[in-house]
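A short reminder: the numbers here are calculations on the coordinates, not readings from a lab. Small disclaimer: the values here were computed from a predicted structure and weren't measured. Positions of Cβ are generated from backbone atoms using ideal geometry, with glycine treated the same way; all protein chains shown enter the neighbour counts.
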């Protein structure tokens, strides 16, 4: 059928009820869900705490002001969560499949999962004792301590560094080998010094927190929108900058270019 | 699997109730899509099973082997979308293949089969479509909406290749429609374009009416009904010059028909919510004045309605993808009724 989202799903509310006053049994399946079972292909990488640059005075108005903040150390998944990982989670947990899980390109096992809402991304991380990164943590991971422009440094993007789109916003191209999403970790030269892959490009990544008009202290959160970071396969180089902020309705689960990764507190 | 709305949700408006009575027909169809009259009976297709059935007194009887069906790459149902009864034959638009199998000989095609014939007697008229949707008869040809191409194509009788009649240009939308989606992707003050997405087609007196659904995010009032005059408005290459807008401000118009009296009928799928999808019970059946474009709501509370079928005796049938079939029957008028 053409692009009409005609399918509505009625959640089985009865399936989600817990008997009041008792905790669900800790079944082997539930125990399995609570460990991070994807460490082999998507290990957790340590990002050292300390002070680091956050925001930018040379970007959009909502990226300003640039400042130096302090963030505690944390662990971050090396790659965006993949279709294979999300499918395994959905099968065990009963979560709704990602919207493009059957797409011939976007739904491939090693491509980042797309077509999931903010809440669905958050729920995935929570299942394994993880969480979505804050905007500050995400920038620390992508920009290092000195606020590099992109995940790899300040040099402009190239086909060997990231999966992104045309030079003038916004649209896809295949100059980097992929017209849409790419298998995670395809651009070794685009990784951060710690080895995080696809922090710039491939798919946008949900981060926790509300969108604000800028980073000034006391800036009012607009609770209609969440924040996405990192740019995607159809973004221009401007949107690939690690300080760029995309405000988006968190309930939206039809984006073909939006995914996520998870983090874990080092104290856990 | 779609849930079915309670039958009581659908109703006639006061204007509709003056002219019609409403019957609700529960059938075993899970996702009714195509619909047409065959005398007093209805022929229907089911996207959930590929069935093509004849419905008599609420009983659905298979009249041919089920056609391919499933979910396509965009996670939307595909299969036998629409059916038209013409010269004692069924004409079926079969969608592109589902994601679980390779392309087959019946995919993205116009199929034909005698109404009364052997079960295997399905003729592939043409596969020269991307994703054929609604169809209408015009002269000695079929006009078919190829929705994924945003185009109207024509298949002459006896031909295997279609000719492109008109490609609907993208529709311009103001930022206001996208405000609820993103303040950064759609900043204020800019206009944006969406796909036209032609859906239903009806032909009357050589005039071709097409409903334009309007692409995502299916803004409220973002749909339109347009008129293509293929005779008066033809370019030297045979394609239509453009269209005139009969009416706009429609909520996801999915089908159009002309009733027995020549009045335009438009089926609205309803209002769209970013989180919930198309809101249940927000679909409507409208009657339009062809000259003034004035709209009158006849039925409301419809749940994902997709197809209208008009009978020469004035009855109107509606298929709902997540609800029962509905039949509007004209009230008796005239002599003998005081």
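Hull surface divided by four, with the convex hull built on the Cα atoms of chain B: how many nm²?
So the Cα hull casts an average projection of 18.8 nm².
Using the 2.2 N^0.38 Å rule of thumb for compact globular proteins, work out how chain A stacks up: its C-alpha Rg over that value, please.
Working it through for chain A, the quotient is 1.00.
From a point 7 Å beyond the Cα of residue A:222 in the direction of its Cβ, which residues of region B:151-194 have a backbone N at a distance under 18 Å?
Those under the cut-off are B:174-192.
Taking 0.36 nm per residue of sequence separation and subtracting the Cα-Cα distance, how much length would be gained by fully extending the chain between residue B:313 and residue B:279, in nm to one decimal?
9.0 nm
Where the Cα atoms of region A:183-258 are projected onto their three principal axes, how long is each span, largest first, in whole Å?
38, 29, 20
Bin all alpha-carbon pair distances of the protein assembly as shown at 10 Å intervals from 0 and give each bin's fraction as a whole percent.
Calculated over all Cα pairs of the protein assembly as shown, the distribution is 3, 16, 24, 22, 17, 12, 5, 1, 0, 0 percent.
So what's the gap between the Cα centers of region B:286-324 and region B:31-68, to the nearest angstrom?
19 Å
So how tilted is helix A:83-93 from the main axis of chain A? Cα-based, degrees 0 to 90, rounded to 10.
The two axes meet at around 30 degrees.
Take the Cβ-Cβ distance between residue B:248 and residue A:134 as r, set R0 to 45 Å, and report the resulting FRET efficiency rounded to the nearest 0.05.
Rounded to the nearest 0.05, the efficiency is 0.50.
Label points 7 Å out from Cα along the Cβ direction at residue B:190 and residue A:104: separation in nm?
Label-label distance for residue B:190 and residue A:104, simple model: 3.1 nm.
With an 8 Å Cα cut-off and a minimum separation of 6 or more residues, compute the relative contact order for chain A in percent.
It rounds to 23 percent for chain A.
Determine, from the Cβ-Cβ distance of residue A:39 and residue B:170 and an R0 of 41 Å, the FRET efficiency 1/(1 + (r/R0)^6), rounded to the nearest 0.05.
0.35
Sorted from fewest to most neighbouring beta carbons within 10 Å, what does the list A:77, A:192, B:21, B:49 look like?
Listing A:77, A:192, B:21, B:49 from fewest to most nearby Cβ atoms yields B:21, B:49, A:192, A:77.
What is the spin-label model distance, in nm, from residue A:60 to residue B:103 if the labels are put 7 Å beyond Cα along the C-beta direction?
In this crude label model, residue A:60 to residue B:103 measures out at 4.0 nm.
Where does helix A:118-127 land angle-wise versus the long Cα axis of chain A, in degrees 0 to 90, nearest 10?
70 degrees
Identify which of B:278, B:186, B:303 has the largest mean-square fluctuation in a Gaussian network model of chain B, with springs joining Cα atoms closer than 10 Å.
Judging by the Gaussian network model, the answer is B:186.
In whole angstrom, how far apart do the alpha carbon centroids of region A:192-268 and region B:199-230 sit?
Taking the Cα centre of region B:199-230 as reference, the centre of region A:192-268 is 38 Å away.
In deg cm²/dmol, rounded to 500, what helix-only [θ] at 222 nm does the protein assembly as shown give when every DSSP H run of at least 4 residues adds -39500 (n - 2.57) and the total is split over its residues?
Helices in the protein assembly as shown give a 222 nm mean residue ellipticity of -2000 deg cm²/dmol.
Under a 10 Å cutoff between Cα atoms, tell me which one of B:69, B:129, B:178 has the largest fluctuation in the Gaussian network model of chain B.
B:178
Round to the nearest 0.05 the FRET efficiency obtained for residue A:173 and residue A:210 when R0 = 35 Å and r is the Cβ-Cβ distance.
Here the calculated transfer efficiency is 0.60.
Test of understanding: ordering A:122, A:40, B:276 by Cβ neighbours within 10 Å, fewest first, what list do you get?
The fewest-first ordering by Cβ neighbours comes to A:40, B:276, A:122.
Just grab the label-to-label distance for residue B:292 and residue B:124, each label 7 Å out from Cα along the Cβ direction, in nm (one decimal).
About 5.1 nm separates the two model spin labels.
How many angstrom separate the Cα center of region A:39-98 from the Cα center of region B:115-146?
Cα centres, region A:39-98 to region B:115-146: 51 Å.
For a footprinting-style exposure proxy, rank B:246, B:24, B:210 by other Cβ within 10 Å, fewest first.
Fewest-to-most Cβ neighbours within 10 Å comes out as B:24, B:246, B:210.
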